[in-house]
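Presented below is the structure to which this report refers.
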Amino acid sequence: MFATIRNRMILIAVLVIGSILSLVPREVTTRERDVNGVMQDVTVKRVPLKRGLDLQGGMHLGLELDESKQVSSDVSRDIDLALTVLRKRIDEFGVTEPVIQKVGDRRIVVELAGISDPARAKALVQQNAFLEFRMTDKTGSFENALPGMDRALAQLGVKATGAPAAAKGIDALLGSDTTTPAIDSAAPALGGPILASLIQPGSSIGMTTPGAYVVAEANYLRVDSLLGLPEVRRMMPRGIEVRWDQAPTGGLEPVRMLYALEDKPIITGTSLVDATAQIDPLTNKPIVVFDLDRAGGRRFGQETGRRVGDFMAIVLDNKVQGVPPVINSRIDRRGQIELSGRTVLEAQDLALTLKAGALPFTLKIVEERQVGASLGEDSIRGGIVAGLVGTGMVILIMIGYYRMAGVLSVLALMLYLLFTLA
């Protein structure tokens, strides 16, 4: 087919025309969901040649392992594992030609060109995404241990700061959020430093979550620090751990939920193989639908099947994701995470991080720079002019010295450059 010069010239002409068309900027319209989940048309200008960090600006981050709570036994190995997870996350995030590389044995450098939402990118990079499913404490062992904890604190000289303010009705404490159990205003607020700060959700709206307690947001940090004291931790019932809700409940007097959970999870995110963000057609709220591998699905099905009627907390990075739902039936390989109060964008980021896997360690940002378009439009135009002048001089010298061989060489170089860019 390509034995004749005519056919070869036709092929070259087709390739040249196709390459030129692929390099012409054009507007592309796609349908995407906004932060509220509404579908809308988005028109973007497709520029085939992407500019790097120095030309269009972006973000530069230096990351290291955060060993404030856990010390790494092999920093270099954990950095390598974190590097693999970060590459998967950022590839899914959709940043064009990111730079993700290891510097030395203890640092990762991430450069993201053209980032329009730096806060979102930082959250994506730093989130551990360690997922667990845990049952709430239905035995009441944590509640029974509270007096002993208060006695231990009394021996240390810690005193109660006074009973929490009396509830002024459900709306006063919880605002319009009806997803959190109401506080029983008649519940006693007596006892030591911890008991005086905890109020167990009452049944005034017909809902009680075993192992759930309410703490005024003003007392959250104090109670959290008291529960972390070694003397208090020794009084914790065997097989029970406490975890806070991921965010306070709004209202005139914000509160935060504290949950007593079984220390052994039913299953963790290591069994997760896929996660996608969707909109629940019944509630019109964002959810994350997940799929487990075969072994994880079998175990999940066995555990949920024998615990129908119990409450299961979804824990992400040691924070409970909303009110633990009741297990109504056996759940096998496919389930969903409800994200009350979250946006579709946050659901997409959560699905992305879960699918990429959990980081072996929390990463801390030790260096952060917002990089501007340092060359600017004038410098870019100057660079183009300089490049054209230099290329013209090379062409003149090649043709003037090598004659026809120079012409052929220049033509071959131009075709090579065009095809490479295309």
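Order the peptides 238-246, 251-259, 3-11, 392-400 from the highest to the lowest mean number of other Cβ atoms within 10 Å of their residues.
Numbers: 238-246: 16.8, 251-259: 20.2, 3-11: 10.0, 392-400: 12.8.
Peptide ranking by packing, descending: 251-259, 238-246, 392-400, 3-11.
The relative contact order of the stretch 302-422, computed from alpha carbon pairs under 8 Å that lie at least 6 residues apart in sequence, is 13 percent. Three principal axis extents of the stretch 64-110 based on alpha-carbon atoms, in descending order, are 34, 20, 15 Å. Surface composition of the stretch 213-327: carbon plus sulfur atoms hold 51% of the accessible area, using a 1.4 angstrom probe and ignoring ligands, DNA and RNA. The per residue volume of the convex hull around the alpha-carbon atoms of the stretch 286-372 is 134 Å³.
Where does each of 308-315, 211-218, 323-330, 13-20 land if you order them by average Cβ count within 10 Å, highest first? Could you put the intermediate results ahead of the total?
Values: 308-315: 18.2, 211-218: 21.1, 323-330: 15.0, 13-20: 12.2.
Ranking the peptides 308-315, 211-218, 323-330, 13-20 by packing returns 211-218, 308-315, 323-330, 13-20.
Whole number please: convex hull volume per residue of the Cα set in the stretch 78-134, in Å³?
Numbers: hull volume 5.6 nm³, N = 57.
So the per-residue hull volume is 99 Å³.
For the stretch 259-333, the square roots of the Cα gyration tensor eigenvalues, ordered a ≥ b ≥ c, give a/c below 1.5, which places it in the rounded category.
Note on the stretch 326-422: dipole from Cβ charges, positive end direction compared against Ile365, Gly392, Ile331; the farthest Cα belongs to Ile331. Annotation: Ile266 carries an accessible surface of approximately 10 Å², with a 1.4 Å probe and no ligand, DNA or RNA atoms counted. Net charge dipole, the stretch 268-422: roughly 440 debye, given to the nearest 20, about the Cα centre with Cβ charges of +1 for Lys and Arg and -1 for Asp and Glu.
What number comes out for accessible area per residue over the stretch 215-276 if the probe is 1.4 Å? Units Å², please. Kindly include the intermediate steps, with their values, before the conclusion.
Details: 3000 Å² over 62 residues.
Value returned for the stretch 215-276: 48 Å² of accessible area per residue.
In the stretch 86-166, carbon and sulfur make up what percent of the accessible area (probe 1.4 Å)? It would help to have the intermediate numbers written out before the result.
Working: 1920 of 4140 Å².
Ligands and nucleic acids excluded, carbon and sulfur give 46 percent.
The residues of the stretch 287-370 expose on average 46 square angstrom of accessible surface per residue, using a 1.4 Å probe on protein heavy atoms.
In the assembled protein chains, Ser141 presents an accessible area of approximately 30 Å² (probe radius 1.4 Å).
The values are calculated or read from the model by the stated rules, or taken from the named source; none is laboratory data. For clarity, every value in this text was computed on a predicted model and none was experimentally measured. Every residue, glycine among them, receives a Cβ derived from its backbone with ideal geometry; neighbour counts consider all protein chains shown. Surface areas here come from the heavy atoms of the whole protein model, side chains and all, with no ligands, DNA or RNA. Shrake-Rupley method; radii C 1.70, N 1.55, O 1.52, S 1.80 Å.
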